[in-house]
Amino acid sequence: MIKTDAIIIGAGPTGLFAVHQLGIIGLKCEIIDNLDRAGGQCIELYPDKPIYDIPAVPECTGEELTNSLLKQMAPFKANFHLNQRVEEIKQENNLWILKTNKGNVFSAPNVIIAGGVGSFEPRKIILKEAEKFEGNQIFYSVTNKNLFQNKKISIFGGGDSALDWALELSKTNQVTLIHRRSEFRGAAHTLNEVKQKEKEGKILIKTPYTLTSIEGDKIMTGIEIKHEDGNFEKIKADYILSFFGLIMKLGPIAEWGLNIDKKTIPVNTETFQTNKKGIFAIGDICTYPGKLKLILSGFHEGALAARACFKRAKPNETYRFEFTTASKNIHDRLGVKK
Amino acid sequence: MPKITYISHDGKKNTVEVPVGLTVMEGALQNNIQGIDADCGGSMACATCHVYVSENWLNKIDKTQDAEQDMLDMAYEPKKNSRLSCQIIISDQLDGLEVTTPIKQT
């Protein structure tokens with residue numbers, strides 16, 4: 001079991017800055033995220049899109065913002081626990097005990113939920129029969145590409161993931177790339193390569209087509225797709241790879257006994273505490289009168305929540321407000337050299 | 001104030017007044033209309049405010065940008081008349097607009 005002063009759920013910009021705010025007041029924390037890297041929506045939804053409303057940063061991309069935040073919080077050496085989702089939370093006296101789906105257990109007097117709109121999950125194929133082939137013949141990401149040798153693979157999607165995997169897997173497989181419209185949105189050079197492979201007969205492109213049924217009982221044998229003009233076509237398929245991006249689901253947070261209002265958690269704006277003592281919510285996931293879903297609001301919310309955490313983490317100490325410009329304590333924590 | 005009608009996937013109609021300048025997505029959220037999730041809050045990053053717009057209205061709305069079409073690729077059952085409701089800004093010309101929400105958004 002990992003014991004600490006605060007556990008942060010969510011490594012998006014708000015969660016990352018909360019690490020910094022806890023760090024400068026001398027609190028330790030651990031940070032957990034379901035994704036395989038830090039950055040949250042910034043890195044998953046708009047890594048290359050410029051953001052124009054971070055104070056004192058006229059323009060930066062989601063990726064640049066994430067990297068700057070990671071650099072800013074680096075002195076505090078917070079441990080990241082990625083690729084895992086907090087499944088359970090229970091109270092033991094003044095402590096919260098959290099367990100992730102990887103079996104890691106944490107204990108702390110404070111939990112800060114900076115979970116955005118929930119955890120990211122792949123958007124799945126809408127046909128019900130897709131479920132029974134999931135993980136065997138239908139995949140939403142590729143973890144073991146050695147599985148695919150001399151197979152018939154249908155790839156769905158119009159973005160970089162679909163194009164990149166179509167190219168890669170076409171080296172040793174028969175690939176059909178299917179998309180609902182004729183325009184692809186992937187990088188131009190990748191698209192050119194795919195078109196070249198199509199000319200060479202290495203990739204078959206089917207647009208504008210959508211998936212209408214999956215054939216096979218215990219083993220999937222093929223699929224049926226429908227052209228925009230209404231014509232159907234059958235294709236043999238050993239595997240389907242589907243890349244329709246990510247959706248956000250609140251997930252287990254909804255079952256922790258917290259008040260929830262339209263997928264957000266109401267908080268007290270003095271401390272950002274929820275209806276449970278010691279559980280705080282900041283960033284897009286919290287709500288209060290006047291709430292704005294802005295990154296800068298998440299920073300402010302984290303600063304206040306961190307101060308509230310102090311009282312529960314160090315009940316016998318008095319918190320004293322200090323400025324980073326003047327405090328020797330803070331300079332020591334930041335590792336500032338004289 | 002323009003009246004906007006939100007039609008659920010099973011045909012239930014809900015007509016509300018939405019101020020000029022707001023989006024069809026915001027009109028739905030402010031009036032507690034089911035069927036529009038709007039997870040990303042209107043930054044064109046999630047496709048969970050997806051609606052279908054009838055042919056006769058489609059020409060009266062500003063055309064989609066590439067980024068909106070790209071995002072619609074991710075939507076639940078996109079069709080030719082699909083739009084993201086966060087990108088439809090209410091004007092007096094849109095008084096009487098009808099949009100249909102999909103069975104679900106995710």
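The values are calculated or read from the model by the stated rules, or taken from the named source; none is laboratory data. On a predicted model such as this, the values are computed, not experimentally measured, just so you know. Using ideal geometry, Cβ is built from the backbone for each residue, glycine included, and neighbour counts are taken over all protein chains shown. Keep in mind that these areas ignore ligands, DNA and RNA; they rest on the heavy atoms of the full protein, side chains included. Shrake-Rupley method; radii C 1.70, N 1.55, O 1.52, S 1.80 Å.
Taken over the C-alpha atoms, segment A:120-161 has Rg and Dmax values of 11.2, 32 angstrom.
What is the sum of charges around B:Val51, taking Lys and Arg as +1, Asp and Glu as -1, for the other residues whose C-beta is under 11 Å from the C-beta of B:Val51? After counting each charged neighbour, the total is +1.
Per residue, how much space in cubic angstrom lies within the convex hull of the C-alpha atoms of chain A?
Values: hull volume 61.4 nm³, N = 338.
Once divided by residue count, the hull of chain A is 182 Å³.
Solvent-accessible area of B:Thr15, all protein chains in place: 80 Å² (probe radius 1.4 Å, heavy atoms, ligands and nucleic acids excluded). Shape analysis of segment A:244-293 based on the Cα gyration tensor places the equivalent ellipsoid semi-axes at 20, 14, 8 Å, largest first. When nucleic acids and ligands are ignored and a 1.4 Å probe is applied, A:Ser119 ends up with an accessible area of around 20 Å².
The Cα-based radius of gyration and maximum Cα-Cα distance (Dmax) for segment A:126-256 are 15.2, 55 Å. For a modelled paramagnetic label at A:Lys145, 7 Å from Cα along Cα-to-Cβ, the residues of segment A:181-203 in reach, with backbone nitrogen under 15 Å, are A:190, A:194.
Evaluate Rg over Rh across segment A:187-295, taking Cα atoms for both radii and Kirkwood's formula for Rh. Before the final figure, lay out the partial values.
Working: Rg = 23.8 Å, Rh = 19.0 Å.
Reported Rg/Rh (Cα atoms, Kirkwood Rh): 1.25.
Once the mean of 1/r is taken over each pair of separate Cα atoms and inverted, segment A:237-338 shows a Kirkwood hydrodynamic radius of 16.7 Å.
Entry note: segment A:25-96 has Rg to Rh equal to 1.06, where both radii use alpha-carbon atoms and Rh is the Kirkwood radius. Taking all C-alpha pairs of segment A:82-138, those more than 16 Å from each other amount to 61 percent. Working note: Debye formula, equal point scatterers on the alpha-carbon atoms of segment A:106-192, no solvent; log10 I(q)/I(0) at q = 0.25 Å⁻¹ is -1.39.
Normalised by 2.2 N^0.38 Å, where N is the number of residues, the alpha-carbon radius of gyration of segment A:283-338 equals 1.44. What the Kirkwood sum gives for chain B is a hydrodynamic radius of 13.3 Å, with every pair of different alpha carbons counted. With the simple spin-label model, which puts each label point 7 Å out from Cα in the Cβ direction, the B:Gln65 to A:His227 separation comes to 3.4 nm.
Once Rh is set to the Kirkwood radius over Cα pairs, what Stokes-Einstein translational diffusion coefficient, in µm²/s, holds for segment A:1-124 at a temperature of 10 °C and a viscosity of 1.306 mPa s?
Working: Rh = 14.9 Å.
After rounding, the answer is 106 µm²/s.
Please work out the C-alpha center-to-center distance from segment A:288-330 to segment A:202-255 and express it in whole Å. First find each Cα centre; the distance between them is then 48 Å.
Annotation: amide H-H contacts under 5 Å for A:Glu88 (H modelled 1.01 Å from N, sequence separation of 5 or more, or interchain): A:Lys99. For chain A, a simple Cβ point-charge model (Lys and Arg +1, Asp and Glu -1, everything else neutral) yields a dipole of about 720 debye relative to the Cα centre.
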